[in-house]
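One structure is given below, encoded as structure tokens.
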Amino acid sequence: MKVSKGMDHLLFPAAPEPSLGALIGYQRDHISLAVKYFVSNPPTKRFIVSSVVGVSAFRSGLSLNLSFAIGVTFLCAIGLSVLFRDPSRKGDAHGFGKEIEEMFDRPSEASALHHNSQKDLTAEELQLLRYFRGITVGLGTNEEDIFAVWSMVGGGKPGVGGQEQLSFTAVRYHASFLCYSVATLASRIPLFASSAGSILDWVLSNLLLKPKVFEFYLHYWPELRGKGPWQCRENIMWTGHVLHVVALYETLTSDDKFSRPGGLAVTESDGKTYRTDAKELALHVAACMRINATGGVPCEPGLVFFQCQNHPFCAFTLLEGLDHFPRGFFDPEKRRFQAFAAKGFRAVVETGGIKIACVTTRQNGPSFDDAYGAELRVLEARLEGADDAQPGESSSRVLASLPFAHIGSDAWDLNYFFMWATRSEPVKAIYDKYVKVRLETLRESGTWSEEECSCCGGDGDGEPKAKHATGWNSAPPAVCCFGLNIPKSAWSSAILPVLAQAEDWDMYETVSKWLTGQLRKEGTEEGVWLGESCEWAIGNTANYAMGVAFRNGADARALHHGLSVREGGVRVLSCEPRDMDVWRCRMEGGALQVGFGAGAGVCKGEVVAKFVVEAQTRMRQCQVTEGYRAKWTKRAGQDLVEVVVTCEITSGGEEKKDVAGELEFSGGCMLTLEF
């Protein structure tokens, strides 16, 4: 495909379809967990469990269709009901235990992000941000250029007529993970609004709200043609991410454009435009939760995946912090889902900690219209100050559950659960009791000790596979989300931020060392990323970056529960050139401190950096590192100050240390503004 000049380094290798042998290779580590489970249980249980795991693990190679996969799930549920009684949620086998249930019942935990405690961004984090900028705002707005890089198909199997964007390598997931990672990194430079803001805005406008990314919904819900995607009472695998990214955008920038009436719009391929806004969408999603028996919202019709529930709950927390809803407004919905998860989402097949999904009644049909309308009215009344009411009658039922787990699924579940749960200690307890032991088993079996990466391909020239890291075995998963042909690179990078939040630093170092040793790539202009195929590279890098950010002091829970972007009434709204490396932007001793470097490709000759600063009070003084020149002017009629910093440096760049002596950058500078 033709791309703009200079973009070649951003293109990822395609991933050819794997052989059956490769599919078996994907499952080696998780099958080892299953085998350990089998040998410690009675023969009857082993037979039933092996049927479930066997069908799900190799469905990709057999190209089974969605109907068959669901049929197998029901048959397995019937068999498991003999052993566990209710396959959905009743019984101790499906719960995490009374102790964890009681933890969730305790009062909500307060959390806040203190700007002065934030550590500067490290050189690696700046390189990761450079990579993220390059594959977002750096691409411009030409769709051909954008989708040459964002080329993951996320499905396209014959079993669903070749429909793309259905599975967990769909564009929406890569795009959203990138946004969550960028926001986490940017929370360490909290007063630099455009750092994350410009990237999140670009992702929404050029990916998440584009027909190529969201129109897959018409495959599952054709009855919504002509009504638009906002009307769907399922599809949280898209609406949840949109809501989360929108809420993060406003939190980091104070720009409420997506919360204004009609501010969130999509235009479909036929030219029709459908509008909502963040507040209206949040109430819609909460009503959809209240009519579902699990307290969640289905992704595909009837399928409630724990992973995707995280994102609307994260968004609810952020929207409360933005005062669009009172603090604790969505606590009833949070606590209802937490209670169901505590009693019904533990994986009874111990290949991980948390079940893949529950199967519930489809809720987008007319039989749910009255229940949905009633719950929406309850929420609107609550917003007006009425007492909360329990969910009313609904046709929703839990029909079955997928009783096994996957480390990659656990990673997604727990990473964001840490951020929104009413309390963090039960989430850590789930990790400690049900997930950590599986990771220990994998480590003992040598999962992260290979000299060469078996999940990364070479080009046949005899060089080590890890040097090339093209991800030959990382073809798209099969129909829907039942296929488990997930490369080790994906679930290893996904578990990294969980390990950091759980403070399991020993395991963190094991996984991080394997990822950086086998997959890490670096370029002067491109930044840092994890080498893989197009179906996995961006998401893997985003998860890895989030883990790195947590390791260096970022706190996503505090970001979601207590960030104030207007501390001191001062913020940096923008910076030019856009690829400046800003590693500090916070209040320090009553003054705004901005630490920055010239960035890749702009370190020759004279470097000029322009900062536009919003301030509620008059600026009194501007200080800059010795050897630099700074001037500032107030923009007429606005509370904006433009600060221009100029420096002459040699063509090869000049090394300078920041005032703390911790980092070293080419053309590094510290700017201090007193108001």
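Leaving out ligands and nucleic acids, note down the accessible area per residue over region 312-413 with a 1.4 angstrom probe, in whole Å².
Here the per-residue accessible area is 36 Å².
Please list the equivalent ellipsoid semi-axes of region 313-422, computed as the square roots of five times the alpha-carbon gyration tensor eigenvalues, in descending order and whole angstrom.
Taking √(5λ) for each eigenvalue gives 28, 20, 10 Å, largest first.
Among 301-309, 241-249, 222-230, how do they line up by average Cβ neighbours within 10 Å per residue, starting with the highest?
Most protected by this proxy first, the peptides run 241-249, 301-309, 222-230.
Just to verify a number: what accessible area does Thr617 come out at with the full protein assembly present, 1.4 Å probe, Å² rounded to tens?
Result for Thr617: roughly 80 Å² accessible.
Holding the Cα-Cα limit at 27 Å, pick out from Lys119/Lys513; Lys343/Lys436; Lys428/Lys521 the pairs that are longer than that.
Lys428/Lys521
Please report, as a whole percent, how much of the solvent-accessible surface of region 210-321 comes from carbon and sulfur atoms (probe radius 1.4 Å).
45
What's the local net charge at Lys334, with K and R +1, D and E -1, over the other residues with C-beta under 11 Å away?
Once all neighbours under 11 Å are counted, the net charge is 0.
How large is ³J(HN,Hα), in whole Hz, for each residue of region 169-175 in order, when computed from phi with the Karplus curve 6.51 cos²θ - 1.76 cosθ + 1.60 and θ = phi - 60°, using x for Gly and Pro?
After applying 6.51 cos²θ - 1.76 cosθ + 1.60, I find 10, 5, 4, 4, 6, 4, 4 Hz.
Output ³J(HN,Hα) for region 230-247: one whole-Hz value per residue in order, computed from phi by the Karplus curve 6.51 cos²θ - 1.76 cosθ + 1.60 with θ = phi - 60°, and x for Gly and Pro.
Coupling constants for region 230-247: 5, 7, 5, 9, 10, 6, 5, 6, 10, 4, x, 5, 4, 5, 5, 5, 4, 5 Hz.
List the residues, sorted by chain then number, that are 5 or more residues from Ser401 or on another chain and whose placed amide H is less than 5 Å from its amide H.
Val359
When the Karplus curve 6.51 cos²θ - 1.76 cosθ + 1.60 is applied with θ = phi - 60°, which whole-Hz ³J(HN,Hα) does each residue of region 529-534 get, with x for Gly and Pro?
Rounded to whole hertz, the list is 7, 9, x, 6, 7, 4.
The values are calculated or read from the model by the stated rules, or taken from the named source; none is laboratory data. Bear in mind the structure is a predicted one, so any value in this text is a computation, not a measurement. Note that each Cβ is placed from the backbone with ideal geometry, even for glycine, and that neighbours are counted across all protein chains shown. Just so you know, the surface numbers come from the protein's heavy atoms only, side chains and all, with ligands and any DNA or RNA stripped out. Shrake-Rupley method; radii C 1.70, N 1.55, O 1.52, S 1.80 Å.
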